[in-house]
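What follows is one structure encoded as structure tokens, with my remarks underneath.
What follows is calculated from the coordinates using simple rules that are stated; it is not laboratory data. None of these values were measured; they are calculated from a predicted model. Here the Cβ is made from the backbone with ideal geometry for all residues, glycine too, and neighbour counts use every protein chain on show.
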Amino acid sequence: MLRKTCTLSALVLAIALTATATRGGTDMNERYDRGWAALSALAPEKARTVQESLADIAPDMARFVVEFGYGDVFTRPGLSPALRQTATIAALAALGNAAPQLRFHIEAGLAAGLSPAEIIEILYVTTVFAGFPAGLNGLAAARQVFADRGVTPPPAPAPETTDRRTRGLAALEATSRNAGRQVLDSLADLAPDMAGFILDFSYGDVIARNILTPAHKEIAMIAAATARGTMEPQLKVHVKAARAVGVSREQIVEVLIQMAVYAGFPAALNGLGVARTAFAEIGE
Amino acid sequence: MLRKTCTLSALVLAIALTATATRGGTDMNERYDRGWAALSALAPEKARTVQESLADIAPDMARFVVEFGYGDVFTRPGLSPALRQTATIAALAALGNAAPQLRFHIEAGLAAGLSPAEIIEILYVTTVFAGFPAGLNGLAAARQVFADRGVTPPPAPAPETTDRRTRGLAALEATSRNAGRQVLDSLADLAPDMAGFILDFSYGDVIARNILTPAHKEIAMIAAATARGTMEPQLKVHVKAARAVGVSREQIVEVLIQMAVYAGFPAALNGLGVARTAFAEIGE
Amino acid sequence: MLRKTCTLSALVLAIALTATATRGGTDMNERYDRGWAALSALAPEKARTVQESLADIAPDMARFVVEFGYGDVFTRPGLSPALRQTATIAALAALGNAAPQLRFHIEAGLAAGLSPAEIIEILYVTTVFAGFPAGLNGLAAARQVFADRGVTPPPAPAPETTDRRTRGLAALEATSRNAGRQVLDSLADLAPDMAGFILDFSYGDVIARNILTPAHKEIAMIAAATARGTMEPQLKVHVKAARAVGVSREQIVEVLIQMAVYAGFPAALNGLGVARTAFAEIGE
């Protein structure tokens, strides 16, 4: 029903945009139709606003967003809309330089089936990869979207009953097959307390949280690291970790392709290069 | 005439700033004069506003912007003002974290002779390198500058009559002498559809557009990749591509030096290192 | 006295936040208490605002900021509060994507004992590493904080009496033990003027300024380079330079650990990797 209403809106807008699309040299085509159906099902009002704001200055950009971003990439099989929005939210929060798009994709994430609590958790994971300012500004974006949409913030998760170190070690061993352990050992000479922070804070306080599945969290981490483009060793660790917790090769590749839209083709291509190395190192 | 008026404004401001510059230990010197003449010819009102806003808190910064940014770098021979603004617009849009400066340089780009349509195209090229959020926020900056200056947005370009793959292949072969082809082949095992996106979207939809010359586009790509500093393989490909479409070694070096001002010295130095490797690999 | 007042405020807030912290599974603990005492001594009003704004949407984030950011990291021995704020200001200005946090830490820097003039100097140093837009936007943040707090901007420093090249060479030789010289030589073939800019502008105009000590400046540069994560060669040079001007290994490690909070764990870990190499290369 939601989809039907949105398709109707899409048709109305499609008529309005016909001149534009035709000027751009492409009649309303199958890529556009598929993309617009997906985009308008997620955030119909904002999608229309973006399209209209581009109509006078860069109509081809409006078309590319729909055709490429949604018709070519978002609607690919292999990764659900909710996991695609997970990757995009983590990427934009980690980049920290695209607040309007981050708000758009938080709203789209809700429409794709992410719960408010899951969106908050994606931003916790991003904090580990991109720092507290990135996490705090991401939460500010979420707060605004939740308020605009009348969404009740999630209740705080249930208290943890284990200690941080125990939780952290368990989470690390479950996802990283000794790779994380090796990072910790490698800090013993230079910054042993940093190893403690990774175990207690990154893994114990954040990654061990149980609102998102381990697979879901690894997808957020892969997206954040790929978008920033400055975290090759950590990206390799988490591609392997993702495989260890059941993320398929196809899903990982889809997350990396999704990054071409939100962080540019070089980020996606370099992420694919890291993934290839990681797969080879675990014999895949 | 424009230049004469601006020089007069420069003189007026020069008098106002004399105390500042003298306190900074440098009488109005030749570097300052040359820089201010260039800067005030581009965006006299905004240049004055920036200078005045710095006068109380960091007068030496006001001086460095003029002396180094314009007197030392911008006024160097080897790259036209329009191509320098091309590089700066692409860099700031790719970084995505300096909206006031991006608006400043879009205005300065118009003054340096870039057409509104050319500025829009620079932002299309940046979208491929830094993602749609970067491109969309760049277009928002352009829209605001065009509105403030009463500039009519450019008409949409003429429709393409060839198909995307054909255009993409032609653009790729013209610029990359097999290097791009090799990237595509290298994706066959892991993400073959990504290769299609590069060919059809990056090259077919965007890089094949014919409003900017191939040389002009390569300069934008080199600047975007250097400023972000996370795209070494792609920067190397596009330094070679730039040479293939007639950008001189000197012009490439000037683009990279220009990046010291807008993305910092490390970005420029690392870009020069990549360029040296690229030149060596093509026997230069 | 300031500390006593703040501790009282902390107690008041602690009562208000008790439900939150308990829900998060951690009673007001020693890490939280230590962190809150440090945080509320720096910027009590803004700290409370941040905590309150997170209470409904992400109470665990409010707790993590205090426990990890301040209780675990900020209060570590080995680096003074003023030098920690130096690192954070440089990092956030270099990232350029977290304006609210940059303003927060400029205010906290004043509370930690940095003078307004020293804060301005940190932003000058950042300009060399991250470009003029980053420096200018950092100065805009400082201007706003100074105005809000009724702080008088610092007077311009005394005029320099030596020429730029002489100052630059002296600063370079004092800090870089030939490493910088080698960078300059390495540019002779490709971009000799760039070498001049480094000597005259980066070192002569900026790094030679004498408001901050050489050690203080190296800490700012290490933080900026680590946070951006795209400047590995330059980070290595400046880790060595920091040792040459008397920054201890422990202080360098503390700066890098501090970056886990503000730029994410991967940035900190990759910075530690570079530091390990730098230390080894100078026989430490």
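When B:K46, A:K217 are sorted by how many other C-beta atoms sit within 10 angstrom of their C-beta, beginning with the fewest, the order is B:K46, A:K217. Distance between the pseudo-spin-label points of C:R149 and A:D185 (7 Å out from Cα toward the beta carbon): 4.6 nm.
Neighbour counting of Cβ atoms within 10 Å sorts the residues C:I282, C:I219, B:I198, fewest neighbours leading, into C:I282, B:I198, C:I219. Taking the fewest neighbouring Cβ atoms within 10 Å as the starting point, the ordered list for A:M194, C:M231 is A:M194, C:M231.
If you find the alpha carbon centre of segment C:214-267 and of segment C:22-98, how far apart are they in angstrom? So the two Cα centres are separated by 21 Å. When B:A280 is represented by a point 7 angstrom out along its Cα-to-C-beta vector, the spacings to that point in the other copies are 2.2, 2.2 nm, nearest first. Charges were assigned to the Cβ only: +1 to each Lys and Arg, -1 to each Asp and Glu. The resulting dipole of chain A about its Cα centre is roughly 320 debye. The modelled label-to-label distance for the pair C:S115/A:V245, using points 7 Å beyond Cα in the direction of Cβ, is 5.0 nm. Where chain C is carried onto chain B by rotation, the Cβ closest to that axis, with its residue and distance in Å, is C:N97, 3. Across the options C:Y203, B:A142, B:G283, the greatest Cα extent toward the positive end of the charge dipole of the protein assembly as shown (unit charges at beta carbon of Lys, Arg, Asp, Glu) belongs to B:A142. Normalising by the residue count of chain B, find the relative contact order in percent from Cα pairs under 8 Å and 6+ residues apart. The value is 18 percent. Evaluated with a Cβ-only charge set (Lys, Arg +1; Asp, Glu -1), segment A:82-149 carries a dipole of roughly 80 debye about its Cα centre, given to the nearest 20.
Couplings for segment A:215-225, taken from phi via the Karplus curve 6.51 cos²θ - 1.76 cosθ + 1.60 with θ = phi - 60°, read 4, 4, 5, 5, 5, 4, 5, 4, 5, 4, 5 Hz in order; Gly and Pro are left as x. The angle separating the long axis of helix C:164-176 from the principal Cα axis of greatest extent in chain C is about 60 degrees. Think of each Lys and Arg Cβ as +1 and each Asp and Glu Cβ as -1; about the Cα centre, that makes the dipole of segment A:162-284 roughly 200 debye.
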